[in-house]
Amino acid sequence: MALPELRMTSVVRAVFGLVGGFFILIALAVLMAGVRSDQPTQIPVGGNPAVVASPAPSETGLIPTALDPAVSAIQQSDVRSQEFVAAKDLSNVKSTAVGYRVSAGGVKPIELASVIAQQFGVTGQPVKGDNNSYVVSGPASGPEVTVFSDPLVRWHYIDQRLIAGKPLSQDAAKQIAKTLLAPLGVPVASAEWDISADQNRVVVRAWLVLKGLRTELGWTVVVAPDGEVVWADGFAASLVAVPGYPVLGAADALDRALKPGWAFAGPTPWTESGATALLSVPGPVPTVKGRPVLVAGVQQLLVNKAELGLVQFWQPDGSLLILPSYIVNTDDDRKWSLLAVGDAYVTTRNLVPTADAPNPSIIAR
């Protein structure tokens, strides 16, 4: 009798277990239905199902959008731009003006290598080097002269010795540089000199000046404590005047520069011009239908003065053009450069990977 009683107990327990599980499932179904009834039919973009947007999104705003942080994150920390406007009385008179280009003339790199080597006391004959250059070198690890076959006919001298001692005075180093550079045709009398210290050496730079303006062309001489030159570089090409460039009026030049694709023409900040005031965007951030609006600061600059000058532009072949350009003033006391030559003397090319672009600057003469 004991065994049947045990079987009945197991059956009863199984039945009660099934019934209990059934009621639990019903309770869960009712609970889930209650939860779903409080949710929108679709989850708002970027939202939490338990959080309702305020105000509620419109029907079109409920369209799901995937925002992948790996591709949607932005780096911009400040949103502002500049807008240039010509003053009503800004000059707009057309004219012609002189530009300048570099020219190697009759300078031959192989012959120049011998001349520079003699000036710096390097013995040996010029031999063909890398990148269409000519090299004059003495004993191993000794001084060396290199001249490149490019539009500027660039050259450099190097002495790799490390010389201990106290640096020379700036006046003494400048005089050494003048003595070395003058016989090479460098206009030492009209150059703009820049002298600085580099550990125990003195770095002397002579910048070519054109019509009172310093160009980006120059020569460098580095003098060691014992008065020996351990580095020098420069170029041998000349600047040749190119008269007759048609020049736009200042207002037309500004209008052209502000067209799409003409940003290279300016306005470009003039080095060390004026003092830039700290600017901020005023007012609170507005909202539209409860959503914050992006506030972008725009600085409107009134171009109120223009004088015709010269600005330098590096060419794809490594040469340099110095072209008629306006130096314009804005109402915040800053200066900017603005290309002035007519459209016929400006052309554009689509950029390509460097490996695909031929480099005529290293073609040997």
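The values are calculated or read from the model by the stated rules, or taken from the named source; none is laboratory data. Worth saying up front: this structure is predicted, and the values here are computed from it rather than measured. Here the Cβ positions follow ideal geometry from the backbone for every residue, glycine too, while neighbour counts run over all protein chains shown.
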**Message:** With the structure loaded, tell me whether VAL328 is under 30 Å from SER149 (Cβ atoms) and of a type in the set (A, V, I, L, M) or whether it fails that test.
**Reply:** no
**Message:** Looking at region 336-355 only, could you name the residues that are surrounded by fewer than 19 Cβ atoms within 10 Å (Cβ to Cβ), out of contact with any helix residue (DSSP H, G or I) (no Cβ under 9 Å at 6 or more places or on another chain) and of a type outside the set (A, V, I, L, M)?
**Reply:** GLY342, TYR345, THR347, ARG349, ASN350, PRO353, THR354
**Complete:** Going through region 131-162 in order, the residues found to be of a type in the set (A, V, I, L, M) and under 37 Å from the mean Cα position of the chain (by Cα) are VAL135, VAL136, VAL145, VAL147, LEU152, VAL153, ILE158, LEU162
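Might you check whether a residue that is among the polar types (S, T, N, Q) and either assigned to a strand (DSSP E or B) or surrounded by 15 or more Cβ atoms within 10 Å (Cβ to Cβ) (or both) occurs anywhere in region 197-206?
Looking for residues that are among the polar types (S, T, N, Q) and either assigned to a strand (DSSP E or B) or surrounded by 15 or more Cβ atoms within 10 Å (Cβ to Cβ) (or both), one finds none in region 197-206, hence no.
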**Message:** Cβ-Cβ distance below 8 Å, separation of 6 or more or different chains: which pairs start in region 295-318 with a residue that is over 16 Å from GLY266 (Cα atoms) and end on one that is part of a strand (DSSP E or B) and of a type in the set (Ser, Thr, Tyr)?
**Reply:** ALA296/SER81; GLY297/SER81; VAL298/SER81; GLN299/SER81
**Item:** Any chance ALA164 is part of a loop (DSSP other than H, G, I, E, B) and aliphatic (A, V, I, L, M)
**Value:** yes
**Request:** Name every residue in region 339-365 that is at pLDDT 90 or above and among the acidic types (Asp, Glu), in order of residue number.
**Result:** ASP343
**Prompt:** Within region 298-307, is there a residue that is outside the structural domain of VAL346 (by TED's automatic domain parsing) and of a type in the set (Lys, Arg)?
**Reply:** no
**region 99-130 - residue that is more than 37 Å from the chain's Cα centre (by Cα) and of a type in the set (Ser, Thr, Tyr) and, of those, modelled with the highest pLDDT** = SER114
